[in-house]
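Only one structure is covered here, and it is reproduced in the block below.
The values are calculated or read from the model by the stated rules, or taken from the named source; none is laboratory data. The model shown is predicted, which means the values in this text are computed figures rather than measured ones. Every residue, glycine among them, receives a Cβ derived from its backbone with ideal geometry; neighbour counts consider all protein chains shown. Ligands, DNA and RNA are excluded from the accessible area calculation, which covers all protein heavy atoms including side chains. Shrake-Rupley method; radii C 1.70, N 1.55, O 1.52, S 1.80 Å.
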Amino acid sequence: MATDNRSQLHCAPALALAAFPTLLPEYSAPTHEAFAIALAGGSTTDLGQALSAYSGIVSIKGREFRLRLELSASTRLADAVVEGCPALVQLLSGCEDVVAQRIKQSVDLNAFSFELRDLLERLVDAADRPAATGYVLQQGLRSSEFYTRVIEELDAVGWHNVSLEDDTLSNIRFTARDDRQREHSLIVQPHPQHPAVPPTCVAALPEPFRILRWNSASSLSNVFQQFQQALQRFQQLWDDLDEIDANTWVLEPERPTRDCCHRRMALEHNSSVQILVNPKAVRAVPECRFLGADSIVNPLRDAMNDNISQWDETKPLLANLGIVLNVQFPSPATVSREEVTVACGICYSYDLGDSVPDKVCDGPKCRQPFHQACLIEWLRGLPSFQQSFNTIFGECPNCSKPMAIKLMPAR
Ligand SMILES: [Zn+2]
Ligand SMILES: [Zn+2]
């Protein structure tokens, strides 16, 4: 092999490399001895020059790099060195062994240049897809000890609590039930260096789930136990929110997940109240926001202020809200969804992107809801349109009653 390499380097020194035609050959300076021969009448092609490198700019998948293939004085291809600009060095970092192996396996410099171009193209591709690189590298790092150990740990967790999201054990789903038999999932991603590095965990909880006290003796059953304990902390929150979900018309979110602490509940006359519950103080007065016609929601705000002293933190949220607002929430048992989700009077739809019709005409016989965006566009087109600071004035498209709309940033 070494002999082949040697002959190749000297047989075609001036030829461009087929894989990198832009690289130019460089020659070592002629020796004094070679000059002496030339001066004595010898051929100038025998000046004793030796091909020492190829260097120049190469374009790989649209990215340009400075590349230099330094050829060893030993003339063995196996001793050649790949050098380049910092970007190229960075690209090849971690692949030094691959480069060395390909140099060894190539029959000549030209063959190696094709190998090198192929490798660089793959690396540029991977660099453009960082997620894919991470995935490939992570997969590569998993050892058979990793699989043996993780499977043993899953045995201890109990397979009835486990489902595998893929066959590389990189995403494992734990399922646990809380005191009320509500089902909760935890996605566990063991680190390739498990258990030296703790796994990554993702769960739909009102507060982030973090693994505590992880050390090299910890296992996935510790994670499962800590997840079950974490569920305990939110029982009262989920009890109170489940009661609201079952007994009122929740307009938003449409399908609440277990990490969601807000609810917008329908009230009469196309109005609604949105509450934001603090998961650390479930029974405290939640943040409340009222949506609807002023003639409906102003009295609700007043009632809340007047009755707040009656808020009793031993009672569930729904009971307290009913008392301080002095309202009966429309219930799915007696009122249809169509009655509480009245479409916008302009576009005749309910959902418009992220917004719902929450601007409501104050006319007692009208109470028509509109999307803010629809209403503003409508009012701007009227001859009676007036704007003062952040309030616009016009007439209800439904009953012609004068309306004033405060411009609020779209939610
Ligand atoms: Zn609309
Ligand atoms: Zn109206």
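Could you please let me know if Arg213 is free of Cβ contacts under 8 Å to residues at least 12 places away in the same chain and either more than 19 Å from Glu145 (Cβ to Cβ) or in the same structural domain as Thr257 (by TED's automatic domain parsing) (or both)?
Yes: the conditions hold for Arg213.
Are any residues in the range 399-408 under 13 Å from Lys359 (Cα atoms) and within 14 Å of ligand 2 (Cβ to nearest atom), and if so, which ones?
Within the range 399-408, Met403, Ala404, Ile405 qualify.
Can you report the number of residues in the range 229-274 which are open to solvent by 10 Å² or more (accessible area, probe 1.4 Å) and among the β-branched types (Val, Ile, Thr)?
Residues in the range 229-274 being open to solvent by 10 Å² or more (accessible area, probe 1.4 Å) and among the β-branched types (Val, Ile, Thr): 2 in total.
Can you name the residue in the range 275-297 that is at pLDDT 95 or above and crowded, with 18+ Cβ neighbours inside 10 Å and is also farthest from the chain's Cα centre (by Cα) among such residues?
For the range 275-297, the residue satisfying everything is Arg283.
Among the residues of the range 377-394, are any among the β-branched types (Val, Ile, Thr), outside the structural domain of Gly292 (by TED's automatic domain parsing) and either under 23 Å from Arg264 (Cα atoms) or in a loop (DSSP other than H, G, I, E, B) (or both)?
no
Residue pairs, Cβ under 6 Å, 6 or more apart or interchain, first in the range 153-170 and within 13 Å of Gln225 (Cα to Cα), second open to solvent by 30 Å² or more (accessible area, probe 1.4 Å). List them.
Asn161/Thr175
State all residues of the range 350-376 that are out of contact with any Cys (no Cβ under 6 Å at 6 or more places or on another chain) and either surrounded by fewer than 13 Cβ atoms within 10 Å (Cβ to Cβ) or in a strand (DSSP E or B) (or both); if no residue qualifies, say none.
Scanning the range 350-376 gives Leu352, Gly353, Asp354, Ser355, Lys359, Val360, Pro364, Lys365, Pro369.
Can Leu300 be described as in the same structural domain as Ile244 (by TED's automatic domain parsing), buried (at least 18 other Cβ atoms within 10 Å of the Cβ) and touching a residue at least 60 places away in the same chain (Cβ under 8 Å)?
Spelling it out, it is not the case that Leu300 is in the same structural domain as Ile244 (by TED's automatic domain parsing), buried (at least 18 other Cβ atoms within 10 Å of the Cβ) and touching a residue at least 60 places away in the same chain (Cβ under 8 Å).
Mind counting the residues in the range 364-385 that are touching a helix residue (DSSP H, G or I) at 6+ places or on another chain (Cβ under 9 Å) and either modelled with pLDDT under 90 or at positive phi (or both)?
Number satisfying all stated conditions: 3.
Only one of these conditions is not met by Pro397: (1) modelled with pLDDT of 85 or more; (2) within 15 Å of ligand 1 (Cβ to nearest atom); (3) open to solvent by 80 Å² or more (accessible area, probe 1.4 Å). Which number is it?
Every listed condition holds for Pro397 apart from (3).
Do you know which of the residues in the range 333-349 that are open to solvent by 40 Å² or more (accessible area, probe 1.4 Å) and more than 8 Å from ligand 1 (Cβ to nearest atom) is farthest from the chain's Cα centre (by Cα)?
Ranking the qualifying residues of the range 333-349, first place goes to Thr334.
Does any residue of the range 366-384 turn out to be among the acidic types (Asp, Glu) and within 16 Å of ligand 1 (Cβ to nearest atom)?
Yes, the range 366-384 contains a residue that is among the acidic types (Asp, Glu) and within 16 Å of ligand 1 (Cβ to nearest atom).
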